[in-house]
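The values are calculated or read from the model by the stated rules, or taken from the named source; none is laboratory data. On a predicted model such as this, the values are computed, not experimentally measured, just so you know. As a convention, Cβ positions derive from the backbone with ideal geometry for all residues, glycine included, and neighbour counts pool all protein chains shown. SASA here: full protein model, heavy atoms, side chains in, ligands and nucleic acids out. Shrake-Rupley method; radii C 1.70, N 1.55, O 1.52, S 1.80 Å.
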Amino acid sequence: MVEAESYQMPCSLRRLFATLLVYCDPANPRELWEKFEDSMSEDFKTLPDIETKSIRYKVLDCLNDILHSMGHNINEYKLIPENFNASKAAKEAKEIFFERNITVTEEELLLRQKLNHEQQISYNVIIDRISLNRAGAFFVEVQEEQVKTFLYRALLATVRSKGFIALATATSGVAASILPGGRTAHSRFKIPIDIDENFSCNISKQSSLACLIRDTKLIVWDEVSMAKKKMIETFDLLLKDLLNTNVLFGGKVVVFGGDFRQTLPVVRNGKKEDFIHESLLYSEIWPRLEKLLLSENMRAKTDPAYCEYLMRKGNGKEPLTSENKIKISNSFIVPYTTEEESLNVLFETTFPNMHDFFCDASSVTSRVILTTKNDFVNEINDMLIGKFPKEGKTFVAIDETCESNDQSQYEGFLHSLNPAGLPP
């Protein structure tokens, strides 16, 4: 901190300080705070007519935002004698500002023109319901993630481009990250992670988040097939409460999406349980949802046989082996003879003519060999590069330490590093 204090901006000092709190476990966080509070406050001191107490509040608020992003709270570290309670409202206000000011790009606005026939029908039904200000609760059933996500993005862009609010959520963080402005449903609607029969969403009717939800025209919830039915039922009660109505989901237009074929059994205490019976499919809400089916598999439409195979697997109709496992077709298997021979067969199947790939880049980018470990990736890449038809060139890299005195000590270590995103 002393070193950084001499050249870092206050915002960078605050981030460094938060990182030290979370990852370095300082023995006395308050002593560290008191020593560097002044340096972390420099930018706020330039504001006109600001009181000393307000400066401290703003610095603590910034630190709390950073700590929240790391899964922690500033009150854990006892930097000041009293609890810091105002950050929740400030943080919520920032979230509201973000939702109301999401920028829609020209590319996203053009998505609706690229919808296939089934997507267009679903898009029109949902947008008409929003335009007429009528309630609508939909479930989009799909064979493929790409089809569903494309529809979501088109809907979100259209609603947001008209100045309305659209909330994009998903059960998992990975699915949420794919949606523009996406958040997990747990985070957006304050749903507890550990749920029981009596849990509820922690949103006050007078809060700014409640106002945001009341103003929302569209709510998208992806991967709802992975959520427990109790979550959806509580979400329904939340919207009814905030909107003061008994209409399903408070009369909002809500679009759920998911594929129950992807819902796996859960192993709990060594015993396999079927999670599907706890899901939306077995909720009283399920029959009341309007079903929208997107059955066209965009990735496999040029290969109907493969598309049919995927559907048989998903529907549990593919033949099983004697060990009760799905039987893999011989057309998908490279028989093992020796490692070198089998890999050559795999290469020839995936990249049948290396000469053609130098003329058509798309023929390379549309093919991939997946492996379980990065070491295998490097090994396979080296073998494929060796098959390139043109003569190779070698470029020599030089590893140097920042301090010349350290070169002899660390040169061997530097040679051993192979950072991701850089050539070997």
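Dipole magnitude of region 339-424 about its Cα centre, charges +1 at Lys/Arg Cβ and -1 at Asp/Glu Cβ only, in debye to the nearest 20?
On the way: 5 positive and 15 negative charges, 75 e Å.
Its charge dipole is roughly 360 debye.
Scalar couplings 3J(HN,Hα) for region 131-139, obtained by applying the Karplus form with A = 6.51, B = -1.76, C = 1.60 to θ = phi - 60°, are 4, 7, 6, 10, 5, x, 10, 10, 10 Hz; x denotes Gly and Pro. The alpha carbon radius of gyration of region 1-140, expressed as a multiple of 2.2 N^0.38 Å, is 1.58. A simple count of charges around Leu414, restricted to other residues whose Cβ falls under 11 Å of its Cβ and scoring Lys, Arg +1 and Asp, Glu -1, yields -4. For region 351-387 versus region 278-345, the inter-centroid distance based on Cα atoms is 25 Å.
Each Lys or Arg adds one and each Asp or Glu takes one away; over the other residues whose Cβ falls under 12 Å from the Cβ of Arg288, this sums to -3.
Quickly rank 35-46, 385-396, 156-167 as a protection proxy: mean count of other C-beta atoms within 10 Å, highest first.
Working: 35-46: 15.6, 385-396: 7.2, 156-167: 19.4.
Output ranking for 35-46, 385-396, 156-167: 156-167, 35-46, 385-396.
Dimensions of region 29-83 based on its C-alpha atoms, expressed as ranges along the principal axes with the largest first, amount to 33, 23, 19 Å.
Whenever you get a sec, compute what percent of the accessible area on the chain sits on carbon and sulfur atoms (1.4 Å probe).
Values: 13810 of 26220 Å².
C and S atoms contribute 53 percent here.
The H on the amide N of Glu290, modeled in the peptide plane, is under 5 Å from the matching H of Ala137, Phe138, Phe139, each at least 5 residues off or on a different chain. Which translational diffusion coefficient, to the nearest whole µm²/s, is obtained for region 309-424 from the Stokes-Einstein equation, given a Kirkwood hydrodynamic radius over C-alpha pairs, 4 °C and 1.567 mPa s? The Stokes-Einstein estimate is 69 µm²/s. Here the Karplus relation 6.51 cos²θ - 1.76 cosθ + 1.60, evaluated at θ = phi - 60°, turns the backbone of region 335-340 into coupling constants of x, 8, 10, 10, 4, 5 Hz, with x for every Gly and Pro.
At 222 nm, what helix-only mean residue ellipticity would the chain give, in deg cm²/dmol to the nearest 500, using -39500 (n - 2.57) for each DSSP H run of four or more?
Details: 19 runs with 188 residues, N = 424.
The per-residue figure over the chain is -13000 deg cm²/dmol.
Listed by chain and number, the lysines placed with their C-alpha closer than 20 angstrom to that of Lys271 are Lys228, Lys325; residues fewer than eight positions away on the same chain are left out.
Rounded to the nearest 0.05, what FRET efficiency do Lys53 and Ile193 have when you use their Cβ-Cβ distance and R0 = 35 Å? Walk me through the intermediate numbers first.
On the way: r = 35 Å, r/R0 = 1.01.
Working from the Cβ atoms, E equals 0.50.
Pairs of Cα atoms in the chain fall into 20 Å distance bins, from 0 up to the last occupied one, in shares of 18, 40, 36, 5 percent. Sequence-ordered 3J(HN,Hα) estimates for region 123-128 from the Karplus curve with 6.51, -1.76 and 1.60 and θ = phi - 60° stand at 4, 5, 4, 5, 5, 4 Hz, glycine and proline given as x.
Please list 251-263, 307-319, 371-383 highest first by mean number of surrounding beta-carbon atoms within 10 Å per residue.
Numbers: 251-263: 20.5, 307-319: 12.8, 371-383: 11.2.
Result, highest mean Cβ count within 10 Å first: 251-263, 307-319, 371-383.
For the residue pairs Lys35/Lys58; Lys148/Lys205; Lys252/Lys313; Lys190/Lys252, the C-alpha atoms sit more than 29 angstrom apart in Lys148/Lys205; Lys252/Lys313. Packing, as the average of other Cβ atoms within 10 Å across residues, places the peptides 224-231, 106-113 in the order 224-231, 106-113, highest first.
Positive contributions from Lys and Arg (+1) and negative ones from Asp and Glu (-1), summed over other residues with Cβ under 14 Å from the Cβ of Asp356, come out at +1. One Cα centroid belongs to region 1-75, the other to region 196-252; the line between them spans 36 Å. Among the aspartates and glutamates, select those whose C-alpha is under 17 Å from the C-alpha of Lys45, and discard any that sit fewer than 8 residues away in the same chain. Within reach: Glu5, Glu34, Glu37, Asp61.
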